Amino acid sequence: VCRALRVARVSDRLIRRLTGWLLALTAIAGFLWILLAKAQPAGEQQYLFDAAKAIIKDKTKDLVRESGSLYFYFATSPTQFGNLAYVELLTRVFGAKGILIAAPALNVLLLVLSYASLLKTTGRLFRDNRVTLLTLLLLCASFQPLLLCTVIDAGVLAASLIVWSVGRMVQYIQYGKKSNLVWGALLTALAAAFSPVSLAAVVALALLLGLH
């Protein structure tokens, strides 16, 4: 594939068409997967789900009582409160049963939008449609992100926010518009608030700006 791309001529029109079709197919595959998987919360997701329901029903004894399992979980994992706020919001909007489908469906949508953003950023950085095409093929051939869309926490949201933040930072470095820096910082802060794993990306972006 790489050898073929070296000599291939990839037009903007072809990139637009392939991007539209392949991202649409990725979204369809994702929606089919979550419908077939019918995944239920487990592990940390179960704690978040139970805590969100307890807050909504105003039954917080297990959250405030030191002997409660939910109290112990959040006492030992204080960085999960952003995740909890996200799960609680979705539970309030879609209900305790509706979130089991709505959250994964939202994850698929966020994943596809982040793919689109990543492709735009690739185009800005390399200005070579062959690189953009290779990126598109690699993204659509990677099934692991789709498999992870069954979760109900804010992991996919945080990853998407980081991707969008990177796009803004790249635009700031290229064009010097401070509005892109502000938006990039805001998106990065939101990602860190929702998921502690995003802190690694925050450090990486800070180093990038420092070197710039």
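With open to solvent by less than 30 Å² (accessible area, probe 1.4 Å), under 14 Å from the mean Cα position of the chain (by Cα) and within 30 Å of LEU89 (Cβ to Cβ) as the only criterion, which of ALA191, ALA159 stands out?
ALA191
Among the listed residues ALA29, ALA42, which satisfies the condition of being within 20 Å of the chain's Cα centre (by Cα) and in a loop (DSSP other than H, G, I, E, B)?
Result of the check over ALA29, ALA42: ALA42.
What are the pairs, 6+ residues apart or on separate chains, where a residue within the stretch 32-51 that is on the phi > 0 side of the Ramachandran plot has its Cβ under 9 Å from a residue that is part of a helix (DSSP H, G or I) and of a type in the set (Val, Ile, Thr)?
Going by the 9 Å Cβ cut-off, the qualifying pairs are LYS38/ILE101; LYS38/THR150.
Condition first: open to solvent by 50 Å² or more (accessible area, probe 1.4 Å), under 17 Å from ILE56 (Cβ atoms) and modelled with pLDDT under 95. Can you find one or more residues in the stretch 95-108 that meet it?
yes
With the requirement that a residue be assigned to a loop (DSSP other than H, G, I, E, B) and closer than 17 Å to ALA85 by Cβ, what does the stretch 45-64 give you?
Applying the first criterion (assigned to a loop (DSSP other than H, G, I, E, B)) to the stretch 45-64 yields 57-60.
LYS57, ASP58, THR60 - these are the residues of the stretch 45-64 that are assigned to a loop (DSSP other than H, G, I, E, B) and closer than 17 Å to ALA85 by Cβ.
Of all residues being in contact (Cβ under 8 Å) with a residue 60 or more places away in the chain, buried (at least 17 other Cβ atoms within 10 Å of the Cβ) and assigned to a helix (DSSP H, G or I) in the stretch 140-154, which is farthest from the chain's Cα centre (by Cα)? Just the residue, please.
Here the answer is CYS140.
Go through (1) open to solvent by 20 Å² or more (accessible area, probe 1.4 Å); (2) among the small types (Gly, Ala, Ser); (3) farther than 30 Å from VAL10 by Cα and name the single condition SER117 misses.
(3)
Identify, from the list VAL10, VAL64, the residue that is surrounded by fewer than 18 Cβ atoms within 10 Å (Cβ to Cβ) and touching a residue at least 12 places away in the same chain (Cβ under 8 Å).
When all the criteria are applied, what remains is VAL10.
Which ones in the stretch 67-86 are open to solvent by 40 Å² or more (accessible area, probe 1.4 Å) and either of a type in the set (Lys, Arg) or part of a helix (DSSP H, G or I) (or both)? So that I can check it myself, show each step before the final result.
Going through the stretch 67-86, the residues open to solvent by 40 Å² or more (accessible area, probe 1.4 Å) turn out to be 67, 69, 71-72, 75-76, 78-79, 81, 85.
The answer is SER69, TYR71, PHE72, ALA75, THR76, PRO78, THR79, PHE81, ALA85.
Residue check, ASN180 against (1) of a type outside the set (Gly, Ala, Ser); (2) farther than 15 Å from SER114 by Cα; (3) crowded, with 22+ Cβ neighbours inside 10 Å, all met but one. Which one?
(3)
The values are calculated or read from the model by the stated rules, or taken from the named source; none is laboratory data. Everything numeric in this text was worked out from a predicted model, so none of it was measured. Cβ atoms come from the backbone with ideal geometry, glycine included; neighbour counts cover every protein chain shown. Note: accessible area is taken over every heavy atom of the protein model, side chains too, but ligands, DNA and RNA are not part of it. Shrake-Rupley method; radii C 1.70, N 1.55, O 1.52, S 1.80 Å.
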